[in-house]
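What follows is calculated from the coordinates using simple rules that are stated; it is not laboratory data. As the structure is a prediction and not an experimental result, all values here were calculated from the model. Positions of Cβ are generated from backbone atoms using ideal geometry, with glycine treated the same way; all protein chains shown enter the neighbour counts.
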Amino acid sequence: MAENHEHERFYSRLSTLPDVELMPSVGSWILMKLDDAPGFAERLNQRLYAGAVSVPHGIPGALRIPVRDAKENERVLASIAELLKGNTGEDEESEDDDAI
């Protein structure tokens, strides 16, 4: 039962992101529709860890996001939000240098 609750909670949290379209999904994963799902998955996996998300075969434009525990899901959510904003996290240091 706790897994189902976390799926619903995580689905709800993902749905609050601007311009995110979630696809109906059940089980221990959530599908998110993206124009460049393979490229987004690659960037997200580089940011988090290899295999954090995947692109399912036979569902064009879909990103498969496993539902894990709440702490890990929030980490994935934050990374997705940053990537959607175009913030890779790599420019933060150079921005700080410019402020000096």
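Brief remarks on what is shown
- Residue order, fewest to most beta carbons within 10 Å, for Lys71, Lys85: Lys71, Lys85
- Cα gyration tensor category, rounded, prolate or oblate, for region 2-88 with a/c compared to 1.5: rounded
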